[in-house]
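What follows is a short report on a single structure.
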Amino acid sequence: MNIERRSFLIAAAAANAAAQTGERIATGMIGVGNRGSSLLNGVLQQPGAKVAAVCDIKPDRLDKAATTSAKDKPDAYKDWRRIIDRKDINAVFIATPPHMHSEMAIAALRAGKHVYCEKPVGVTADQVREIVKVAKASKTVFTAGQQLRSQKQLGECVRLIRNGAIGNVIWVKAQRHATSDLPHDGSSGDWYFDVTKSGGYLIEQSVHNLDLCNWVIGAHPIRACGFGGNMMHKNDPPGRTIFDSGSMTYEYPGGVKMSFTQNVFHPRTLPLGGQYVHVYGENGAVDLMGGATFHPINRDEKPVVLAEKQEEYEHAHITAFFAAVVKGEPSPANITIGATAALTAILGHEAMIRGTVVSWSDLGVEI
Ligand SMILES: NC(=O)c1ccc[n+]([C@@H]2O[C@H](COP(=O)([O-])OP(=O)(O)OC[C@H]3O[C@@H](n4cnc5c(N)ncnc54)[C@H](O)[C@@H]3O)[C@@H](O)[C@H]2O)c1
């Protein structure tokens with residue numbers, strides 16, 4: 001056994017032992033900006049966890065995170081590798097810009113830590129391939145920040161549809177339309193508009209919506225085509241390389257089609273804005289994100305709510321992550337889910353860039 005493998009096994013055993021002895025899980029937070037601050041609050045609310053360290057390259061954010069979590073007396077680092085090197089830290093949260101996720105998550109997994117990694121798990125097929133390889137070989141928990149997977153009403157609605165409540169799913173129409181671009185001087189303005197860092201709108205934002213489509217169809221797409229571009233925000237901000245809009249068609253096993261559009265210029269008062277996932281079955285359609293109501297195709301039948309609204313806890317995904325660490329429950333969004341969501345977005349992005357049909361197999365990643 002090589003040294004790296006041996007130290008990984010020792011660290012993973014320590015992480016799992018800490019989980020079983022009832023000690024609070026020592027947790028390190030890498031990236032405490034907009035999303036990382038919210039995750040930090042979520043971790044602080046978990047009785048089984050303590051914040052052992054916070055990390056960010058921006059001093060103001062680091063100070064704020066250290067103050068927020070002062071009750072746990074965390075160490076504060078500028079260099080994320082200090083967290084990876086800490087043997088007493090068993091779990092790591094990663095909320096840095098997307099292009100850094102795979103490198104950081106791989107290092108944490110190799111050090112035997114449980115990992116909660118924000119979406120997307122990678123911005124290129126190469127990054128996703130590497131993280132899949134390492135996460136699958138790891139004995140620790142990996143959870144992608146696809147937190148819709150922990151919403152109870154959505155989960156129930158997907159379960160009912162997958163069990164045949166609307167007949168076979170034959171078509172999905174989904175969209176993510178925003179009324180404006182992300183603020184150029186906002187929290188993520190220094191990376192979001194650079195496609196090499198964010199992956200683009202489809203990969204960085206719509207990955208949530210695409211994950212829902214995969215979940216309800218019960219498969220990943222086989223191929224995609226589409227077009228996208230910058231129709232309104234041309235070179236704004238200067239040097240912008242991400243698209244502001246796009247339109248894609250995906251094909252799934254059995255010929256199921258999914259049509260997806262995105263833009264950041266949907267006027268607030270124009271109808272049909274925002275986000276939705278309409279799932280069409282042989283017996284009717286469901287508005288998955290908007291109340292889970294089933295609309296029968298038969299004109300004599302009235303719409304019915306398929307899955308009732310439930311009380312949803314904001315940090316349910318984080319609770320589920322720690323339940324996986326401590327109680328051995330399944331990860332709420334394991335590497336297969338996280339990688340499939342990212343690759344679905346990468347597939348659509350590639351189709352827009354190339355202007356041709358791109359196949360899943362062209363991405364060269366075994367899931
Ligand atoms: N799941 C969700 O609903 C959700 C919502 C928002 C953002 N996100 C994801 O969270 C991630 C962060 O997004 P954000 O909006 O918080 O961006 P942000 O820019 O506000 O935060 C990123 C933080 O990472 C820090 N950082 C950059 N390089 C670092 C390094 N080498 N070491 C340590 N820290 C470093 C930055 O200084 C910044 O504070 C993105 O991947 C985004 O897609 C997820």
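What the table shows:
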quantity	calculated
Identity of the residue in the range 116-136, closer than 15 Å to THR336 by Cβ and of a type in the set (Gly, Ala, Ser), that ends up farthest from the ligand (Cβ to nearest atom)	ALA135
Residue match in the range 204-225 (condition: part of a loop (DSSP other than H, G, I, E, B) and within 16 Å of the ligand (Cβ to nearest atom))	yes
Options VAL51, VAL32: the member that is under 21 Å from HIS317 (Cα atoms), within 14 Å of the ligand (Cβ to nearest atom) and either outside the structural domain of TYR192 (by TED's automatic domain parsing) or in a helix (DSSP H, G or I) (or both)	VAL32
In the range 294-310, the residues that are β-branched (Val, Ile, Thr) and closer than 11 Å to ILE166 by Cα	ILE297
Residues satisfying the stated conditions in the range 191-201, i.e. in contact with a helix residue (DSSP H, G or I) (Cβ under 7 Å, 6 or more places away or on another chain) and either within 12 Å of the ligand (Cβ to nearest atom) or at positive phi (or both)	TRP191, TYR192, LYS197, SER198, GLY199, GLY200
Condition met for HIS101 (in the same structural domain as PHE142 (by TED's automatic domain parsing), touching a residue at least 24 places away in the same chain (Cβ under 8 Å), closer than 20 Å to PHE321 by Cα and within 15 Å of the ligand (Cβ to nearest atom))	yes
Output for the range 265-301, where each listed residue is out of contact with any Gly (no Cβ under 8 Å at 6 or more places or on another chain) and on the phi > 0 side of the Ramachandran plot	LEU272, GLY274, GLY291, ALA292
Among (1) more than 14 Å from the ligand (Cβ to nearest atom); (2) farther than 15 Å from PRO221 by Cα; (3) surrounded by 16 or more Cβ atoms within 10 Å (Cβ to Cβ); (4) not hydroxyl-bearing (Ser, Thr, Tyr), the one test that LEU182 misses	(1)
Residue match in the range 154-163 (condition: under 30 Å from ALA108 (Cα atoms) and either modelled with pLDDT under 95 or not assigned by TED's automatic domain parsing to the domain that holds PHE321 (or both))	yes
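The values are calculated or read from the model by the stated rules, or taken from the named source; none is laboratory data. Not measured: the values here are computed from a predicted model. Every residue, glycine as well, gets a Cβ built from its backbone with ideal geometry; the counts of neighbours run over all protein chains shown.
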